[in-house]
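Down below is the structure, laid out as structure tokens.
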Amino acid sequence: MPIQYYIYLALTLFTIGIIGVLTRRNAIIIFMCIELMLNAVNLLLVAFSKMHNGIALVTNKDSMVGIDAQLFVFFIMVVAAAEVSVGLAIIVMMYRNTHSIDVNFLNRLKN
Amino acid sequence: MNAIILSALAGVVMMLSGIFTNKQSVIKLVSIIALLVLITGNVLQTYGHCSIQIDTKNLLAFSKAGLYFNTLIFISTFVYFILSGKAIEKAGVNVAEYFALIFFVLCGVSILTSFNGLLMFFLGIEILSIPLYILTGSDKRNLKSNEASLKYFLMGSFSTGLMLMGIALVFGATGNFSLNATGQKTAYDVLNAGILAPVGLLFIFISMLFKVSAAPFHFWTPDVYDGAPSVFTSFMSTIVKAAGFYAFIHLFETKSYDLGPSWKLLLTFAIVLTLLVGNITAIFQHSVKRMLAYSSISQAGFMLFSLYSSNTLAKEGIFIYTVAYSFATIGVFAILIYLKDYTFDGYNGLAKTQPVLAFTNTVFLLSLAGIPLTAGFFGKYFMLASAVKAGAPLMLVIVAVLFAAISVYYYFKVIQAMYFKQGDAELNDNVPTSFKTALIAIAIVIILIGIFPSTVLNWLYF
């Protein structure tokens, strides 16, 4: 399959994520949208990795070009997991104090 | 390598020390010792005595400038521990954890000063920011702190998402993550690779503007800096921001030419907007803490000049600016924490009751405003001089000088309140003599750097 399809898919997922972050009011949903953005990037990285590897294989049979993008994906997963653990803790802390996870409540600092 | 490993180890040690002892003074002592070990290890590596040798497969590249920047950051942290250690103890119950998180941030800083590829750049930024989300929310019962923490977290991870998309696109264009691999331009017909790298760099640029709180992506800054416990605000707005700038410069030094002529245009836009928003909004604040948050945005505008010029003068400038800005802001915050009332009126008549605090605070504020004979003057001078040298339009430099003049107004409002207004500034606590001595020492250092800026810079080449 041509690489463009992967790019379009990843960009679509990424855009859905961005739109979700900007429009939704529920902290958990915003959080899910951020995760969607990260996973769109994962998909794109894997696709690019395969593409560059495929190009390099033409000239060199044992080429390892592009493998590092797949490693990068693992790092993104690890960091995303760390972020989830911190983020959910913050949301729980917030819920205990306000009994709500609506980000519209977050306007105390404005005044 | 020393700094990265030792700071991570120090973090673990601090976490464990919380199990063995509840005495806060002991925990503080352990943290200061760990920091001194860290500084020693880093200085040793700067002069070639690296005790831990690891083959990083070209992911990290240690340069003298980066290691020296580490040292400056660690020394600023040392100053921070000395001045605000007491306030950290009071910030909550889990003192050991706060110190541990600060050490993890320092680990992120040491990665950011030595990354040689986008992978380590990403990891450094994340190791730097994740502990900060927790520190921001460390005051668990305080709704403002909760709110600031959630806001910072959501904004932070959103900008991480943008950064990752940028990195993926840059990878698509070049086929590897290395900093100086500028495109074995894949002659791949179906893919117009010419557009991937600029768009990717634009994404990374935006997310870095987020991280260093430059306009137009600064809107989270005042809320987060205001809501976080004051001690941690002082840490975030100085040490972390300076490290962010170093990484920003390090990355775009080699990468910016992919963006072509639009790079300078983008930066000019960001600089002018940052200076405008930071300075103009700071004028209208009633709370000194919020004013400092906006002033940190405007200082970011000046630091962006080093990105604009990216020559040796700019590199020297960012070192001076880091020291000047960090020391002064840490000092101002250390005094602010002692006050009951954070508004400008809270400072009324401080000079009568606490002359030492008022005097040192004046020195710090003068340095932030960039008055000659203080370190802050040379920070701003180097930034603007480097921009002129790099052929910036003169109008840009004039605008920056004008905004620096505007900033004098809101810094002097605090000085005016301390010296010329009636009232009795209420303090939370008795001010110990050791604290006053430390404040005077820092003020003297700031003035000395303002007279002999080369004392900081000579180490870069020595």
Counting only other residues whose beta carbon sits under 13 Å from that of A:V79, what net charge do I get with K and R as +1, D and E as -1? -3
Run the numbers for B:V401 and B:N430: contour at 0.36 nm per residue of separation, minus the present Cα-Cα distance, in nm. 6.5 nm
Expressed in Å to one decimal, the Kirkwood Rh of the protein assembly as shown from all distinct alpha-carbon pairs is 24.3 Å
Report the normalised scattering of chain A as log10 I(q)/I(0) at q = 0.09, 0.10, 0.11, 0.14 Å⁻¹, calculated by the Debye formula with identical scatterers on the alpha carbons. -0.36, -0.43, -0.50, -0.70
Report the FRET efficiency, 1/(1 + (r/R0)^6), for A:M1 and B:I447, where r is their Cβ-Cβ distance and R0 is 45 Å, rounded to 0.05. 0.10
Surrounding net charge for B:I283, when Lys and Arg each add one and Asp and Glu each subtract one, Cβ distance under 15 Å: +2
Longest to shortest principal axis, alpha-carbon extents of region B:261-462, angstrom: 55, 41, 21
What percentages, rounded to whole numbers, describe P(r) for region B:35-108 computed over all alpha carbon pairs with 5 Å bin width beginning at zero? 3, 13, 21, 23, 16, 10, 8, 5, 1
Note down the nm distance, to one decimal, between modelled labels 7 Å out along Cα→Cβ at B:L265 and at B:K421. 4.6 nm
Between A:L11 and B:L276, what FRET efficiency follows from the Cβ-Cβ distance if R0 is 35 Å, with the result rounded to 0.05? 0.60
For B:394-402, B:97-105, ranked highest to lowest by mean beta-carbon neighbours within 10 Å, the order is B:97-105, B:394-402
So, R0 is 51 Å and r is the distance between the beta-carbons of B:T21 and B:F284; what FRET efficiency does that work out to, to 0.05? 0.65
Normalising by the residue count of region A:3-102, find the relative contact order in percent from Cα pairs under 8 Å and 6+ residues apart. 26 percent
Square roots of 5 times each gyration tensor eigenvalue, C-alpha, chain B, largest first, Å: 34, 26, 21
Collect residues whose amide H, placed 1.01 Å from N in the peptide plane, falls under 5 Å from the amide H of B:T343; neighbours closer than 5 in sequence don't count. B:V288
Residues other than B:A300 with Cβ under 14 Å of its Cβ, Lys/Arg counted +1 and Asp/Glu -1, net out at +3
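Values quoted throughout were computed directly from the atomic coordinates according to the rules given, and no laboratory measurement underlies them. Not measured: the values here are computed from a predicted model. So basically every Cβ, Gly included, is an ideal-geometry build from the backbone, and we count neighbours across all protein chains shown.
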